[in-house]
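The values are calculated or read from the model by the stated rules, or taken from the named source; none is laboratory data. Note that this is a predicted model, so its numbers are computed, not measured. Here Cβ is always computed from backbone atoms with ideal geometry, including for glycine, and neighbour counts include all displayed protein chains.
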Amino acid sequence: MPITSFAFAGFTLAALLVYHRLTGRAKQVWLLLVSLVFFALWDWRFGLVLLALTLVNYWLSLRIASESSRGTLWLGLGLNLAVLILFRDVFFSWSAYGLLVPIGLSFYFVQVVAYFVDLRMGRMQPERDWLHFTLYLFYFPKVLSGPIERARSFIPRMVQPQTVDAGRVIRSFGLVMAGLVRKLFVADALMALIPDRAFVAPDEFAGQHLAAWLLAYAFALYNDFAGYTSIVRGVSGLFGIELSRNFSRPYFARDFTDFWRRWHISLSEWLRDYIFFPVTRWLMGRFRNRQHIFNLVLPPIITMLVSGLWHGFSWHMLVWGGLHGLYQVVERVVTLGRPARPPDQVPVWRRAAAILVVFSLTALAWLSFRMDLQTAWVYLVSMLSRGQWEAMALRPAAADLLRGRGILSWPGYGLPDPRIFLVILPALWLDMQQEKNGDELFYLQWSIWPLAGLLALAMLLLLLVSGADTQVPFVYQGF
Amino acid sequence: MTGDPSFKLDRPIGRTLLLAILILLLAMAAAEGLARISLVRQRLPVSSFGNYHYQFEIKWFHLQRYVDQHGGVDVLLMGSSLVNSGIEPEQVNQAWMQASGQPALRIFNFGVEGLTVEPNSVLAELLVESFHPAVIIFGTEIRDYAANNGTETAQNFLNDPWVQYRQGQFSLQGWLAEHSAAYRYFLAYRNWMRADFAENHTQIIRRTGNLTSDGYDIENRVAEDPYRPPDPQDPEDAKAFEVFAGFEFADSRLADLESMLALESESGIEVLLIEMPVTPQFFDFFEAREAAHQEFLQIVSDRADAAGSPFLPAIPEDELPPDARSDRVHLSKYGAAAFSQYLGEWLARLFLETGLDLRQEGNAP
């Protein structure tokens, strides 16, 4: 049941109607029931596997909290890692969508790891209520692709939900609508605009098209995941349970540290707390100088390699993570001799240039995120080779366009697909307004007429994509 | 829900949403008004019912223009691609006028690629309802009756919301496609965000332009050797061998033929059957070879006799010119001219011998 479907809307509405009539523990029992049904609708067999693993994890968590040795912790981490690799990277690849669909397993894994480590470090007491523990891991708005929540902050929010008043309903609706536009209008359209063969045989295409499709992919990926998060946060808000933000205009980042503060925030924070900080602490214990080469290089590299592996046990994901690690290392080395100035002291053109550089390097790294290394290399070479760029007949194209002819003839003029830029516009506008206002729901401050106009426009955009013959699943659903 | 402490609406909500819906409805009404202006219709030549089969839609809207221009249609030629490029209405008319001494008929070719007798039996009903022709001539051949031939195309066509709406199954999509001009334009551009949209859209415009005003799709290609026997080693031929291995006349397809013939009694129109000419070598794909062909002729003529419908077997191969074929089953423009002549003369004979009325009411000479 895709979360952009009417079936999901009906499912959520039915769940809400019952949920708000219940009180106390019955609410959580109902939410767990709803969550298990939701999971079962994706793949009930894998749901059973995950439910069994959850039982084991519950028992292990109680042992970890009460034992003085680390044996159970390692056992728990090893068991969950084995399940992740087996179901996501071995069975799923073998069966090619056949046997079991490991929905949300990567997200489940990092939440369990955080929980076990937090218990071991004494940051929290174990959750003794099996219902709360299971619901934390299975809560249906976040079970597919996060956000990755920490048990110590999420379980209290879940057990004592906030009152859903008019303001919360409006905020939730605003999040859902923004998410739908990002996913269905921007991300799905951009994905559909990229020909299938572009990521299979890139050398068949001219450089300008490859560049435009890479731009399309970068925005599609962002809006796909940001759209998903926005929708599930809106849905969860209707239950009075806040979910964490995952994105904060990542393509406006001025450096790579900034980028990872804005991109997939819940994963970035997890990586920071459970990989980066421990590695840094460990290295500082051995090489006390902060500027020691190992202290500069290893923490970001190891952290981003782990990030790559979390996305998939493959060489191309490892390279994607490694590239981001490398970007951060270069940044750290550069800022050693010249500490970064506060943003408001940096000229606008330099800020814009920094944003452009970060975006371009991020987009290049997406190549190895999206395709195997060999194809990614061919794509890069084809895109950057001068000889691969075809001449663009701009003047005849403009003349034909002004005469009202040839609007569909851009391939004949060697021009990149103009629809890509048109589709990106609404997402870019949304991001710019959010950045300017410092509020993701800035439009809720508008008066009724402009707000109604914006809402009507959003509905119109959704209608424009509603008749298309294809719908693309969420990219991060695969992780 | 309002009585529960976890859900408390402390102020009314929904005004903005209602206003937005109102704005949207007004915008849609304006779009509908625009879509009905002739200037817009000229600027946007392609509209759609959202049907998977774009050639069917090309023909439908082409027929609408034909009827607008000529005040109606007397004879509709139906069938698959064999009819689409195999019968030239203008040539049929020439032969008809010459042989019968009567004025021209309004003949339109509604042959659609890939449509077997199964979807054509439904399509015939829709065409009769919408355009009220006096005669339907259904061009058929043996492949129409193979249960595993053309099934996917048929299902895609028949499961279309507009087709189902026209058959009495209500759906909002079907209703909109039938009644809203703006929605039909929207459907024509519904795949605007697909990578292949420009290519497909241009192809639709090109194919529409290639049709003659009476629906004939000219086939300029001429096959080098259409009479070569099928080769099981050739991948294309191997596929055909597979489809027709163990061929039997499917009861459901024969029922579809009967349902088409029944239009004669149900709707008061004449239904004529003609066999579309394929090469003798085509029957080599069937285990029974020429016997399969003979069985086909027997079965179809029996059904036609039972319904009181005239049946015309295919033109003898030796009456076709040497460059008559574009492949084993399709006619080139030269073959189409010869076959159309043959058909026009047959229609004249029917008129002269039986007094068969081929004209739509109100189009008497």
May I ask you to verify whether A:LEU31 is within 14 Å of chain B (Cβ to nearest Cβ), at pLDDT 95 or above and surrounded by fewer than 14 Cβ atoms within 10 Å (Cβ to Cβ)?
no
Single residue of the stretch A:51-83 satisfying the filter (of a type outside the set (D, E, K, R) and at pLDDT below 90) that is surrounded by the most Cβ atoms within 10 Å (Cβ to Cβ)
A:ALA65
Say whether the condition of being within 11 Å of chain A (Cβ to nearest Cβ), within 20 Å of B:LEU176 (Cα to Cα) and at pLDDT 95 or above is met by at least one residue in the stretch B:42-61.
no
Suppose we filter the stretch A:235-269 for residues that are within 14 Å of chain B (Cβ to nearest Cβ) and either free of Cβ contacts under 8 Å to residues at least 24 places away in the same chain or assigned to a helix (DSSP H, G or I) (or both); how many remain?
3
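Per-residue answers, yes or no, for (1) at pLDDT 90 or above; (2) buried (at least 17 other Cβ atoms within 10 Å of the Cβ); (3) part of a helix (DSSP H, G or I):
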| site | (1), (2), (3) |
| --- | --- |
| B:ALA154 | yes, yes, yes |
| B:GLN164 | yes, no, yes |
| B:GLY168 | yes, no, no |
| B:GLN173 | yes, yes, yes |
| B:ALA177 | yes, yes, yes |
| B:ASN191 | no, yes, no |
| B:ARG194 | no, yes, no |
Would you be able to tell me the number of residues in the stretch A:330-344 that are assigned to a helix (DSSP H, G or I) and small (Gly, Ala, Ser)?
1
Of the numbered conditions (1) touching a His at 6+ places or on another chain (Cβ under 9 Å); (2) more than 9 Å from every other protein chain (Cβ to nearest Cβ), B:ASN191 fails exactly one; give the number of that condition.
(2)
Is it the case that the stretch A:386-400 has a residue that's crowded, with 17+ Cβ neighbours inside 10 Å, among the polar types (S, T, N, Q) and either touching a residue at least 12 places away in the same chain (Cβ under 8 Å) or assigned by TED's automatic domain parsing to the domain that holds A:ALA192 (or both)?
yes
Those residues of the stretch A:149-203 which are within 8 Å of another protein chain (Cβ to nearest Cβ) and under 10 Å from A:GLY227 (Cβ atoms), in sequence order:
A:ASP188
Within the stretch B:54-63, is there a residue that is part of a helix (DSSP H, G or I), within 24 Å of B:GLU264 (Cα to Cα) and touching an Asp or Glu at 6+ places or on another chain (Cβ under 7 Å)?
no
On the given criteria, is B:LEU358 under 26 Å from B:ASP256 (Cα atoms) and outside any helix (DSSP H, G or I)?
yes
Just to be sure before I move on: is B:SER38 of a type in the set (Gly, Ala, Ser) and within 13 Å of another protein chain (Cβ to nearest Cβ) in the structure I sent?
no
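Results for (1) outside any loop (DSSP other than H, G, I, E, B); (2) aromatic (Phe, Trp, Tyr); (3) farther than 30 Å from A:GLY76 by Cβ, shown as yes or no for each residue.
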site: A:MET124; (1), (2), (3): no, no, no
site: A:HIS132; (1), (2), (3): yes, no, no
site: A:SER153; (1), (2), (3): yes, no, no
site: A:PRO161; (1), (2), (3): no, no, no
site: A:VAL186; (1), (2), (3): yes, no, yes
State which residue is farthest from B:LYS8 (Cα to Cα) when the search covers only the stretch A:207-233 and only residues that are away from every other protein chain (no Cβ under 14 Å) and of a type in the set (Gly, Ala, Ser).
A:GLY207
Give the residue, chosen from A:SER307, A:SER314, A:SER266, that is of a type in the set (S, T, N, Q), within 30 Å of A:TRP377 (Cα to Cα) and at pLDDT 95 or above.
A:SER307
Any chance B:GLY33 is among the small types (Gly, Ala, Ser), surrounded by fewer than 18 Cβ atoms within 10 Å (Cβ to Cβ) and more than 12 Å from every other protein chain (Cβ to nearest Cβ):
yes
Of the conditions (1) crowded, with 18+ Cβ neighbours inside 10 Å; (2) touching a His at 6+ places or on another chain (Cβ under 9 Å), B:ALA304 satisfies every one except a single condition; which number is it?
(2)
Step by step: first the residues of the stretch B:1-17, then only those that are in contact with a strand residue (DSSP E or B) (Cβ under 8 Å, 6 or more places away or on another chain) and modelled with pLDDT under 75, then the one that is nearest to the other protein chains (Cβ to nearest Cβ). Which residue is that?
B:MET1
Taking the condition of being part of a helix (DSSP H, G or I), surrounded by 14 or more Cβ atoms within 10 Å (Cβ to Cβ) and more than 20 Å from the chain's Cα centre (by Cα), how many residues in the stretch A:279-301 meet it?
10
Segments classed as helices (runs of 4 or more DSSP H), wholly inside the stretch B:196-304, with at least 3 members that are over 22 Å from B:LEU343 (Cβ atoms), within 25 Å of the chain's Cα centre (by Cα) and among the polar types (S, T, N, Q)
B:197-210
